[in-house]
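Data block below; observations after.
The values are calculated or read from the model by the stated rules, or taken from the named source; none is laboratory data. Keep in mind the model is a prediction, meaning the values are calculated, not measured. Every residue, glycine among them, receives a Cβ derived from its backbone with ideal geometry; neighbour counts consider all protein chains shown. Heavy atoms of the whole protein, side chains included, go into the accessibility calculation; ligands, DNA and RNA do not. Shrake-Rupley method; radii C 1.70, N 1.55, O 1.52, S 1.80 Å.
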Amino acid sequence: MTKGKFFWIAFFIGAQAFLLQIIDQVLAPLCPPDGNVGFGWIAFQAWAMYFLSGLNVVGAVKAFFSYGIGILASVAIMVSGGMLSVLGFFTIPVMLLIVVPIVIYFELAPSPLSYVPAMFVGAGVYFGFMSYIEAATYTGAAITELIYCALGLLFGYVTITFRGWYEKHFVNNKTNGIQFN
């Protein structure tokens, strides 16, 4: 593919990023917690996860459910860690030692519950959310993360759909009479 033809793919993705930022600025005030500055970063991670999960709707569904499992694992670690605070410094490491192997076993689960990398991304996002977003609650953080996850996966789908359409009509089809250099 020539640089000129590739330009339209790159431009479309840039336009999507532009639109995603606008959506984030409109959506953020509607999502918990009040006064947040937006969570577009979650959508951008999920957008990338679409590419890592197979570039298709089945992979996106697996990623979405896996984000949810990651959130549940994070809640289990935090809640149980609170109950085991007598362990002090070792509380969270011990909880990770217990919960992470359980999460790894999801690799053997039937689809759509078997995408462990997305579980770790979902858990990492949730831990970050709960650690650094003031006034975050377990439920509010989960809802917001899953909304932005779905948004990012949708943008991944649109990226691949556009690129497939574009390449079919303007790159691989030599007879359409449209020239992009």
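What part of the accessible area of segment 1-70, given as a whole %, is carbon or sulfur when the probe is 1.4 angstrom?
76
Taking the Cβ of Gln16 as the centre, find all other residues whose Cβ is under 14 Å away and add up their charges (Lys, Arg: +1; Asp, Glu: -1).
For residues surrounding Gln16, the net value is 0.
Specify which labelled value, from (1) 9, 33, 34, 18, 5, 0; (2) 10, 30, 29, 18, 9, 3, 1, 0; (3) 10, 31, 26, 17, 11, 4, 0, agrees with P(r) over Cα pairs in 10 Å bins from 0, in percent derived from the coordinates of the model shown.
Read-out taken from this structure: (2).
What angle, in degrees between 0 and 90 and rounded to the nearest 10, separates the Cα long axis of helix 57-83 from the longest principal axis of the Cα atoms of the chain?
The two axes meet at around 20 degrees.
For the pair Val86 and Tyr138, how long in nm is the line joining their label points, each one 7 Å along Cα→Cβ?
2.1
Give me the count of lysine pairs in the chain whose alpha carbons sit under 21 angstrom apart, restricted to pairs 8 or more positions apart or on different chains.
Eligible lysine pairs with Cα atoms under 21 Å apart amount to 4.
Given the Cα-Cα distance of Ala150 and Lys3 and 0.36 nm per residue of separation, how much length would full extension add, in nm?
Length gained, Ala150 through Lys3: 49.8 nm.
If you roll a 1.4 Å probe over the heavy atoms of the protein chains, what accessible area per residue do you get for the chain, in Å²?
I get 56 Å² per residue for this part.
For segment 58-90 and segment 98-138, what is the separation of their Cα centres, given in Å?
5
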